[in-house]
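The values are calculated or read from the model by the stated rules, or taken from the named source; none is laboratory data. It should be emphasised that the depicted structure is a prediction, and the values quoted were computed from it without experimental measurement. Because the Cβ atoms are built from the backbone with ideal geometry, glycine has one as well, and the counts that use them run over all protein chains shown. Note: areas computed on protein heavy atoms with side chains; ligands, DNA, RNA excluded. Shrake-Rupley method; radii C 1.70, N 1.55, O 1.52, S 1.80 Å.
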Amino acid sequence: MRLLDRTTRSVTLTDEGRRFYEEVKPHLNAIEDAAVVVAGAASAVRGRLKVDVDPFFLTLVLAGRLGAFCERYPDLSIEFVTREHVGDLVAEGIDLAVRFGQPRFASLIARKLIEAPILTVASPRYLERHGRPAHPRDLTGHRCLQFLDPYTRRPFEWGFIRGEEAIDVPTTGPLTFTDPKAMLDECLAGTGVAQVIGWGVGQALARGALIDLFPDWHGERFPLFAFHPSRKHPPAKVRAFIDFCAEIASGLGHRGCRPRKK
């Protein structure tokens, strides 16, 4: 069976070769991990790390902070992949996934890093045109920007918690997104009301570009998890990046989600 097509300028996999590679790659990774352990270098953070990361967490939290990790581990290179949902990490050669939401993968090891605050925000321009809702239930009469759950293919439900009180509010709107950055941009432009993770809107709140509509209803939280394949000895590079994400997340706390003082 021909696995490679070779010319004078290039070598490419045939369809059979690609399928063969996909089948053997997980075993090769396991052999590499075993060799590292046996060689006594399990604590060495080096090589290449492929991370499937939530686009919001990468763009609005990790971006601008990754230089410190690179300086800490100069022998490690990282490739980031962003997409709607987590696939087969082993088959796709992905070492680690960092995602929001409850675990859905029985075959993966999950570690919760932090719970992120959820805020309901709108721009002054939108509020001037449509008025400010006094209570979360008033949102049924507003244009609410929807965010698609990649697993159910339906928009996320809007929930609110104040002390011991918890309510779900049905919302509708003209736009549904899979990209949190695009949804935030539309909210800033005055298109509608949005529910966002508080970490990414601190500066917009501070300068008055966004208004926290319900500061008394901040009880809802969205957990952030790190997932990696179930192995007895996870590579040091995986442990190092998980620890780095946990360090960054723990430093955020509630910062970045407080409204500007009047």
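Quick look at the numbers
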quantity	calculated
Within segment 207-255, tally of residues that are at pLDDT below 75, more than 17 Å from the chain's Cα centre (by Cα) and on the phi > 0 side of the Ramachandran plot	0
In segment 152-173, the residues that are under 23 Å from the mean Cα position of the chain (by Cα) and open to solvent by less than 90 Å² (accessible area, probe 1.4 Å)	T152, P155, F156, W158, G159, F160, I161
Answer from V53, V81, V90 - the residue that is in contact with a strand residue (DSSP E or B) (Cβ under 7 Å, 6 or more places away or on another chain) and free of Cβ contacts under 8 Å to residues at least 40 places away in the same chain	V81
Filter result for the condition that a residue is outside any loop (DSSP other than H, G, I, E, B) and not acidic (D, E), over F214, F225	F225
Residue that is most open to solvent (accessible area, probe 1.4 Å) [pool: residues in segment 115-151 that are among the charged types (D, E, K, R), free of Cβ contacts under 8 Å to residues at least 24 places away in the same chain and under 24 Å from G208 (Cβ atoms)]	E128
Failed item in (1) open to solvent by less than 80 Å² (accessible area, probe 1.4 Å); (2) more than 30 Å from H27 (Cβ to Cβ), with A91 passing the rest	(2)
Condition check for L58: open to solvent by less than 60 Å² (accessible area, probe 1.4 Å) and part of a helix (DSSP H, G or I)	yes
Residue list for segment 101-146, filter: under 21 Å from F80 (Cβ atoms) and touching a helix residue (DSSP H, G or I) at 6+ places or on another chain (Cβ under 7 Å)	R111, L113, I114, A116
Some residue of segment 156-178 being within 30 Å of K50 (Cβ to Cβ), of a type outside the set (S, T, N, Q) and touching a Leu at 6+ places or on another chain (Cβ under 6 Å)	no
Evaluation of L60 against (1) out of contact with any helix residue (DSSP H, G or I) (no Cβ under 8 Å at 6 or more places or on another chain); (2) under 28 Å from F156 (Cα atoms); (3) in contact (Cβ under 8 Å) with a residue 12 or more places away in the chain (one fails), failing number	(1)
